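*Asks:* What follows is a single structure, and I will ask about it in a moment.
The values are calculated or read from the model by the stated rules, or taken from the named source; none is laboratory data. Please read all numbers here as calculations on a predicted model, not as lab measurements. All Cβ positions, even for glycine, are placed from backbone atoms using ideal geometry, and neighbour counts span all protein chains on display. Surface accessibility is based on the protein's heavy atoms, side chains included, excluding ligands, DNA and RNA. Shrake-Rupley method; radii C 1.70, N 1.55, O 1.52, S 1.80 Å.
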Amino acid sequence: MAECLITLLSLSHKLPLCKSKIKSMQKVTVFETIYEHAAGIDIGAEKIFVSVDGREVVSFGTFTSDYYQCAEYLQQKGIRHVAMEATGVYWMALYAMLESCGLKVCLVNPKETKQVKGRKTDVKDCQWIQKLFSSGILRQSFIPEVKYMEVRQLVRERLDIIEMGSTYVNKMQKCLELMNIKVKQVISQIHGASGIKMIQAIIAGNRDKDYLLSLCDKRIISKKGGAVLKALEGNYNDTYLFILEQNMRMWEKHQEQIQIIDDRINELLGQMCKEKEPMEIKSKPKPIRHHPPKIKDLHGMLIRLYGVNLSNISGINDYTLLRLLGETGIDMGRFPSEKHFVSWCGLSPKHHSSGKMNKRVKGTRCNKAGQILKEVAQGLLNSKYIAIGCFMRKLRARKDSAIAIKAGARKLAQAYYNALTKGMDYVEQGTKKYEEHIKQREKAVLYKLAKKHNMQLTEKHEVV
């Protein structure tokens, strides 16, 4: 009998438990409530799941009438705050409808609401979001005002059309290569003013090399005239000319669409500027090299909207500011300091410390604003007269180009934040002043070491 009892005890961990035993062992996760009357929503393509207390879950469709039923249900339950994940573009319509119904909506990053692997369902997701949000754990993502959101979408659409149009530029270049017309080797861009005029004349049937050269810019004629004449000697083929014409028409169509978007942006910026006080514009706009927006008085409208001339920042022109306008807005009040803004852009260095171990890890990907600033910093990397360029080259010698560009973008983000919050105009100090600053820092370190070891330093003066 004793041996049987010992055997049963040794195998007890393998015996199945009854349902009542399982229920008694279950634990309910309880958080401290910060936001009362809060709900969590999990959004999908066909259904949304809503939890108002972390336990009860109700589902709705994704049609407009279903969204209004969801808003009515939340109001009946006395809900004031709603949290939802940023899932693709599905959240935008529901976000706008709930805001219009008087509910305060918090959009959160899906990375901050992840559960343990193997336990994910739409029902559990909305319950988990409700618990995290009601306890004040989740952070709200930045959603610009309606007008700034429209600027964001228009500028992004403009960039997409430019990218799609570049496909037809590559196809035109391919057709020219098939006919051994080496214009690309002489002119840097075949879709520039000179290249487009020559291609249009070739499509129209003109084969006179001297006439085609006369369509080019004066600088090309004077410096590369002979090379252009040699490049235009090709084997013209009717089929390849036909394909060239089709791609040319498609590229022109994309340029027309870009102009339509520019007109819409111009109209939208004009409406936004009516709410701002007029300002005296003294500075001239910086030149925009690639795909400049054809917007009348873009420089003046951006200064009125921002309240300060941000084009004084190195590498930043009006097109860059137009892109940043929709991504960051003009209100920096939601960021307590420049470090918070830099971290939001994804430009802050990442460090993980555990005990005595402190190591650098791979950082998260930049958001759109951080990516724009990195593009600007990359253009300044080889600049000879700009302090940020000198700083990045010095850092590149010790690290690599990626770290140097990210560090340069961080300095640009700090200047951008300070100009909007403190109204301070950014003035480029130049490479010489930056090198003098580095020299003073190195001297200070030497004097500190000399004092520590009871030594005296003497400066060596050059004899004239």
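*Asks:* Please give the contour-minus-distance gain from Ile330 to Asp297: 0.36 nm per residue of separation, less the Cα-Cα distance, rounded to one decimal in nm. Could you put the intermediate results ahead of the total?
*Replies:* Details: separation 33, 0.36 × 33 = 11.88 nm, distance 1.91 nm.
10.0 nm is the gain from fully extending Ile330 to Asp297.
*Asks:* Test of the criteria: in segment 80-132, which trypsin sites (Lys or Arg not before Pro) are in a DSSP loop and have at most 15 other Cβ atoms within 10 angstrom of their Cβ? Provide the component values of the computation, followed by the final result.
*Replies:* Working: sites: Arg80, Lys104, Lys111, Lys114, Lys117, Arg119, Lys120, Lys124, Lys131; in loops: Arg80, Lys114, Lys117, Arg119, Lys120.
Taking segment 80-132 and a limit of 15 other Cβ atoms within 10 Å, the loop trypsin sites (Lys or Arg not before Pro) found are Arg80, Lys114, Lys117, Arg119, Lys120.
*Asks:* With the crude spin-label approximation of a point 7 Å out along Cα→Cβ, what separation in nm comes out for Ile288 versus Arg156?
*Replies:* Reported label-point gap for Ile288 and Arg156 is 1.9 nm.
*Asks:* So how do Thr121, Thr328 rank on accessible area, 1.4 Å probe, biggest first, that is with the largest at the start?
*Replies:* Values: Thr121 65, Thr328 0 Å².
Sorted descending by solvent-accessible area, the residues read Thr121, Thr328.
*Asks:* Given a 1.4 Å probe and every protein chain left where it sits, what share in percent of the accessible area of the chain is carbon and sulfur? Don't jump to the answer; show the numbers that get you there.
*Replies:* Values: 15610 of 29660 Å².
After summing per-atom areas, the C and S share lands at 53 percent.
*Asks:* Using only the alpha-carbon atoms, what does the chain span along each of its principal axes? Please give whole angstrom values in decreasing order.
*Replies:* So the extents along the principal axes, rounded to whole Å, are 110, 80, 63.
*Asks:* What is segment 50-98's relative contact order, in percent, from Cα pairs under 8 angstrom and six or more apart in sequence?
*Replies:* Details: 20 pairs, mean separation 15.1, N = 49.
Relative contact order for segment 50-98 comes out at 31 percent.
*Asks:* On to the next question. Filter the trypsin sites (Lys or Arg not before Pro) in segment 268-336 to those in DSSP coil with at most 13 other Cβ atoms within 10 Å of their Cβ, and list the result.
*Replies:* On the way: sites: Lys274, Lys276, Lys282, Arg289, Lys294, Lys296, Arg304, Arg323, Arg334; in loops: Lys274, Lys276, Lys282, Arg289, Lys294, Lys296, Arg334.
Counting only loop positions with at most 13 other Cβ atoms within 10 Å, the trypsin sites (Lys or Arg not before Pro) in segment 268-336 are Lys274, Lys282, Arg289, Lys294, Lys296, Arg334.
*Asks:* Moving on to the next point. Extension gain Glu280-Glu375, at 0.36 nm per residue separation less the Cα-Cα distance, in nm?
*Replies:* Values: separation 95, 0.36 × 95 = 34.20 nm, distance 3.02 nm.
Difference between extended and current length: 31.2 nm.
*Asks:* Between Lys209 and Gln414, with labels modelled 7 Å along Cα→Cβ, what's the label distance in nm to one decimal, could you check?
*Replies:* Result: 5.7 nm between the two label points.
*Asks:* What is the chain's relative contact order, in percent, from Cα pairs under 8 angstrom and six or more apart in sequence? It would help to have the intermediate numbers written out before the result.
*Replies:* On the way: 527 pairs, mean separation 47.5, N = 464.
Relative contact order here is 10 percent.
*Asks:* Once R0 is set to 25 Å, what does the formula 1/(1 + (r/R0)^6) return for the Cβ-Cβ distance between Lys253 and Arg365, expressed as a FRET efficiency to the nearest 0.05? Mind dumping the intermediate values first?
*Replies:* Details: r = 33 Å, r/R0 = 1.34.
In this case the efficiency is close to 0.15.
*Asks:* Rounding to the nearest 20 debye, state how big the charge dipole of the chain is about its Cα centre with +1 on each Lys and Arg Cβ and -1 on each Asp and Glu Cβ. Before the final figure, lay out the partial values.
*Replies:* Values: 76 positive and 48 negative charges, 529 e Å.
For this selection, approximately 2540 debye.
*Asks:* Moving to a separate point now. For Asn382 and Lys218, calculate 0.36 nm times their separation in residues minus their Cα-Cα distance, and state this gained length in nm to one decimal.
*Replies:* Working: separation 164, 0.36 × 164 = 59.04 nm, distance 2.87 nm.
Once the chain is fully extended between Asn382 and Lys218, it gains 56.2 nm.
*Asks:* Right, another one. Return the FRET efficiency for the residue pair Ser188, Ala402: r is the Cβ-Cβ distance, R0 is 30 Å, and the value is rounded to the nearest 0.05.
*Replies:* So the FRET efficiency works out to roughly 0.70.
*Asks:* Of the cross-linked pairs Lys104/Lys422; Lys384/Lys460; Lys224/Lys374; Lys339/Lys368, which ones have a Cα-Cα span greater than 27 Å in the structure shown? Show your work: numbers first, answer last.
*Replies:* Values: Lys104/Lys422 30 Å; Lys384/Lys460 29 Å; Lys224/Lys374 34 Å; Lys339/Lys368 17 Å.
Going by Cα-Cα distance, Lys104/Lys422; Lys384/Lys460; Lys224/Lys374 fall outside the 27 Å limit.
*Asks:* Considering only protein heavy atoms, what is the solvent-accessible area of Tyr35 at a probe of 1.4 Å, reported in Å² to the nearest 10?
*Replies:* Using a 1.4 Å probe on the heavy atoms, I get roughly 90 Å².
*Asks:* How many angstrom lie between the C-alpha centres of segment 60-138 and segment 217-271?
*Replies:* Here the answer is 48 Å between Cα centres.
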